[in-house]
C-alpha cells in the first residue's frame, strides 16, 4: 500500500485570469464559462500517484490547492495564506497584458514567504489567442527569480491544454528528497 502525503499548492494571479477554472479542470474535469469570483480562499483536494523511479516506490500525493482571490485590496492577508506552501502556480490571462506584467509581483510575493519554493507560470486562455501572438508573449516574459520558475505553460482551462502537466510537474517536484 503506497504511503499518502499532503502538500500545499497556491494559485496566484490577478482577478479573472482563470485560477478557479484551472483547478476545476484538474480536480473535477469540468469547465464553465460562468465567472465566479473567489472570495478569500477556497481549498480543493486531489490525490495523484507519483512513481519514485530510483526507489521503485509509489507515493500517493494529496494536493491541497489553495485558490487565492485575485483582488488586490486583500494583498495584506495574502502572505498568511501562502505560508506552508511548497509550490505555486502563477496565472495570467494572455488577453490582458496587465495580468502578464503582474506575474513577477506574484512570484516575488510567494517567494518572500517561501524562499525555498518553486513556481510554475500558467499563461491561461491561450485557446483565445493566435499562435504567433502567443509566441510574442513568451518572448516578453522575464523575472528576477528565473531559477525558481520551473516552467512556463500556455494553458487553457477550457480545452485542458497543459493543465494536468502543470500539476503533475509540481507533484513530482514536491516529492523529491
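Highest mean first, the peptides 41-52, 80-91 sorted by other C-beta atoms within 10 Å per residue fall in the order 80-91, 41-52.
At an R0 of 30 angstrom, the distance between the Cβ atoms of residue 134 and residue 46 translates into a FRET efficiency of 0.65. One compactness figure for the chain is 0.99, namely its Cα radius of gyration divided by 2.2 N^0.38 Å. Ellipticity at 222 nm from helices only: DSSP H runs of n ≥ 4 in the chain, each -39500 (n - 2.57), divided by the residue count, give -8500 deg cm²/dmol. Normalised by the number of residues in the chain, the average gap of Cα pairs under 8 Å and 6 or more apart makes the relative contact order 26 percent.
Extension gain, residue 168 to residue 80: 0.36 nm times the residue separation minus the Cα-Cα distance gives 29.1 nm.
Note the angle between two axes, namely the Cα long axis of helix 19-28 and the longest principal axis of the Cα atoms of the chain, as a number of degrees from 0 to 90, rounded to the nearest 10. Between helix and principal axis, roughly 40 degrees. Relative to the longest principal axis of the Cα atoms of the chain, the long axis of helix 131-140 lies at roughly 80 degrees. Principal-axis analysis of the Cα atoms of the chain puts helix 163-174 at an angle of about 50° to the longest axis.
Label-to-label distance, residue 60 versus residue 30, with points set 7 angstrom from Cα along the beta-carbon direction: 2.3 nm. Model label sites at residue 3 and residue 108, defined 7 Å from Cα along the beta-carbon direction, differ in position by 3.9 nm.
Quick note: the coordinates plus some simple rules give every number you see, no bench work behind them. For clarity, every value in this text was computed on a predicted model and none was experimentally measured. Positions of Cβ are generated from backbone atoms using ideal geometry, with glycine treated the same way; all protein chains shown enter the neighbour counts.
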